[in-house]
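Input: a single structure, listed below in structure tokens.
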Amino acid sequence: MRLELTRLMDIGLERLKNMTLDMARLSEKTVSTAIDAYKEGQNVTEQIFRWSDELRILQDEVSDLAIEVIARYQPVASDLRLIKSCMEISYGFSRFGRYAYDISQVLGIFSDISMCNKTSIEDAGKQVKKMIKVSINAFAEQNIDLARSLSKMDEVVDKIYLDFVKNAAKAPDVDLKCALSGTLILRYLERIADHATYIGDSVIYIVSGERSSRK
Amino acid sequence: MHSGTAQFSETLEKYKIEIEHLNAWFSEKHALKDISMNIKSNSVTAIIGPSGCGKSTLIRCLNRMHELTPKARVSGQIRLDNEDIYAGIDPVIIRRKVGMVFQKPNPFPTMSIYDNVVAGLKLNGVKDKKKLDEAMRRSLELASLWDEVKDDLKLSGSSLSGGQQQRLCIARALAVEPEVLLMDEPSSALDPIATGKIEQLIISLKEHYTIVIVTHNMQQAARIADFTAFLYLGELIEYGDTAHLFENPSKELTERYITGKFG
């Protein structure tokens, strides 16, 4: 009969997961606020900056705890993969915050862009919000199917971004302000989608040990 | 590759030891069950697993020490350089080729450091003082002990620290010029500094020898072994590249053992 053991390391691993999930929730709120503010023409740069900074600090805390757990318990196998992935995933969430801040800054750079067609950004924004939710759920539930679905979702955002850039480049009477601001915001959304996909890769690595060739 | 019957993918690799369908018993107790694995030349192979899983029995089969236990028996095949070690060869010759170091340092207490090192050679009939001197120095150098004891060779082996005594035992095993070195938890009785020295020594020795080490310390296996085998209840559960086994074991049982989820 096998003896089941409660491990001291589990307390640290649980804290690590919870801290990463706290980051997940804050990063989701940060990106959603930035996208919604763009649609409504609101200036939320200061608020987004504070949240983004909070995410950066939380990422440092996740890294510190990860190092502490490694130093104290010498984790291996799925424990080690979880710790490595929490460090990578927390970096992903902090990047969400940073790109949300970049999005909010676009309004400041170009002031009024209410006359621009927002369809592409709204579509990409909707998809990115969905991807963030999926990446968080994939991590929370260690769900490999949800994690794998992110790659396909990412292709949608890539296409919206590339179509927008191509159209802007060949349109004869392009509004430079709209083209530039749109390109920048879509680029940031496209990067957020990439990071959501990397989070999916990390979940796959935690569960199966399978490494992604992406990045 | 990372399965119970381990066969590494590099078919051209040279194996020092090939184990096929090895079974071992202590009277009625079936201690090793159908073990098949190949051990690569000039590598460190670690055997891990909970107490009583058959780790020590496995390495004791590799130099025919298992059969010294009353009512012990073995079936299957173990080939050393392609030669079946159980097929009519004098076990003394096998034990000369396959040396062993034990958990507790066991220098001969009444002998000097010098005599401890050359004891095996003298037993084999070497009397030439020059040859003994050369072998003694070479063995102590290989065991990283020469600089510490070169001026005290007449002192008793027991006068050394635990870590030095263990390195003396390694020197003694090396003096008879074995090809394989078996180590049964060689540092479990030592402090971390002495353990570190033994680990460095093991790494340096693999240039000349094939080393198989039994260890309870999984971090030790992770630090020094090229390949690791996990045994459980006498069965080889998983065997493969150490980095892979500790990062992404193929078997659920290995995962549960190395992460400390059962003991």
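The values are calculated or read from the model by the stated rules, or taken from the named source; none is laboratory data. In this text, all values refer to a predicted model and were calculated from it rather than measured experimentally. Here Cβ is always computed from backbone atoms with ideal geometry, including for glycine, and neighbour counts include all displayed protein chains.
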Is it fair to say A:ILE83 is over 28 Å from A:PHE49 (Cβ atoms), crowded, with 20+ Cβ neighbours inside 10 Å and either at pLDDT 95 or above or among the aliphatic types (A, V, I, L, M) (or both)? yes
Take the residues in the stretch A:35-53 that are small (Gly, Ala, Ser) and buried (at least 18 other Cβ atoms within 10 Å of the Cβ); name whichever of them is farthest from the other protein chains (Cβ to nearest Cβ). A:ALA37
What is the one condition in (1) assigned to a strand (DSSP E or B); (2) more than 13 Å from every other protein chain (Cβ to nearest Cβ) that B:THR228 does not satisfy? (2)
Restricting attention to the stretch B:80-99, the residues that are part of a strand (DSSP E or B) and under 24 Å from B:SER27 (Cα atoms) number exactly 1
Can you confirm whether A:GLU88 is closer than 24 Å to A:TYR205 by Cβ, of a type outside the set (Lys, Arg), away from chain B (no Cβ under 14 Å) and under 16 Å from the mean Cα position of the chain (by Cα)? yes
With (1) without any contact (Cβ under 8 Å) to a residue 12 or more places away in the chain; (2) under 30 Å from B:GLN165 (Cβ atoms) as the list, and B:ILE89 as the residue in question, which single condition is left unmet? (2)
Against the definition (surrounded by 14 or more Cβ atoms within 10 Å (Cβ to Cβ) and farther than 17 Å from A:TYR99 by Cβ), how does A:ILE121 come out, yes or no? no
Those residues of the stretch A:54-78 which are loosely packed, with under 13 Cβ neighbours inside 10 Å and over 17 Å from A:ARG7 (Cα atoms) amount to A:ILE57, A:ASP60, A:ASP64, A:ILE67
I'm trying to understand the selection: among the residues of the stretch B:155-169, which are outside any helix (DSSP H, G or I) and under 19 Å from B:LEU121 (Cα atoms)? B:SER156
Please determine, by comparing only the residues of the stretch A:61-85 that are among the β-branched types (Val, Ile, Thr) and touching a residue at least 24 places away in the same chain (Cβ under 8 Å), which one is farthest from the other protein chains (Cβ to nearest Cβ). A:VAL62
Could you please tell me which pairs satisfy a Cβ distance under 7 Å, a separation of 6+ or placement on different chains, a first residue in the stretch B:66-79 that is assigned to a loop (DSSP other than H, G, I, E, B), and a second residue that is loosely packed, with under 14 Cβ neighbours inside 10 Å? B:LYS71/B:SER27
Quick check: is even one residue across the stretch A:1-13 over 30 Å from B:TYR232 (Cβ atoms) and assigned to a helix (DSSP H, G or I)? no
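Yes/no per residue for (1) of a type in the set (Lys, Arg); (2) closer than 30 Å to A:ASP112 by Cβ:
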residue	(1), (2)
A:ALA147	no, no
A:VAL157	no, yes
A:ALA169	no, yes
A:PRO172	no, yes
A:LYS177	yes, yes
A:ARG187	yes, yes
A:TYR198	no, no
A:TYR205	no, no
Testing B:GLU238 on (1) more than 14 Å from chain A (Cβ to nearest Cβ); (2) outside any loop (DSSP other than H, G, I, E, B), one condition comes back false. Which one is that? (1)
Identify, please: which residue in the stretch A:1-34 is in contact with a Gly (Cβ under 6 Å, 6 or more places away or on another chain) and away from every other protein chain (no Cβ under 14 Å) and is, among those, surrounded by the fewest Cβ atoms within 10 Å (Cβ to Cβ)? A:THR30
Being away from chain A (no Cβ under 14 Å), in a helix (DSSP H, G or I), in contact (Cβ under 8 Å) with a residue 12 or more places away in the chain and not aliphatic (A, V, I, L, M) is the filter here, so list the residues in the stretch B:170-220 that pass it. B:ARG172, B:THR195, B:LYS197, B:GLU199, B:GLN200, B:SER204
Filter the stretch B:248-260 for residues that are part of a helix (DSSP H, G or I) and within 24 Å of the chain's Cα centre (by Cα); which is farthest from the other protein chains (Cβ to nearest Cβ)? B:TYR257
